[in-house]
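The values are calculated or read from the model by the stated rules, or taken from the named source; none is laboratory data. Predicted model, so just to flag it, every value in this text is computed and none were measured. No Cβ is skipped: glycine too gets one built from the backbone with ideal geometry, and neighbour counts run over all protein chains shown. The area values use the complete protein model at the heavy-atom level, side chains included, leaving out ligands, DNA and RNA. Shrake-Rupley method; radii C 1.70, N 1.55, O 1.52, S 1.80 Å.
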Amino acid sequence: MSAKISMYGKDTLVDAEGTVGEAFGSMGLLPNTFLFLVGGTPVPSDTPLEDGMVIRAIKVASGG
């Protein structure tokens with residue numbers, strides 16, 4: 001079972017276990033610095049991963 005994370009023009013396969021945020025954490029990334037889309041719809045980082053799921057990650061920036 002695997003899910004695909006798409007960011008920076010590259011795809012990475014991850015085990016479809018845990019949540020979107022946990023998968024990013026295991027990759028050494030901070031989940032709260034990304035917007036996650038599944039099927040074009042934003043989803044929270046605590047969304048459970050499912051087999052075949054494709055997550056598009058967009059780095060967010062803020063400041064003033």
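How about segment 6-40: which of its residues are open to solvent by less than 60 Å² (accessible area, probe 1.4 Å) and in a strand (DSSP E or B)?
S6, M7, T12, V14, T19, F34, F36, L37, V38, listed by residue number.
Among the residues of segment 27-64, write down those that are within 15 Å of A3 (Cβ to Cβ) and among the hydroxyl-bearing types (S, T, Y). Across segment 27-64, the qualifying residues are S45, T47.
Only one of the listed residues (A23, A3, A57, A16) is without any contact (Cβ under 8 Å) to a residue 60 or more places away in the chain and over 10 Å from the mean Cα position of the chain (by Cα). That residue is A16. Scanning segment 35-45 for residues that are at negative phi and over 10 Å from the mean Cα position of the chain (by Cα) yields T41, P42.
Just one of (1) at pLDDT 95 or above; (2) open to solvent by less than 60 Å² (accessible area, probe 1.4 Å) fails for P48. It is (2).
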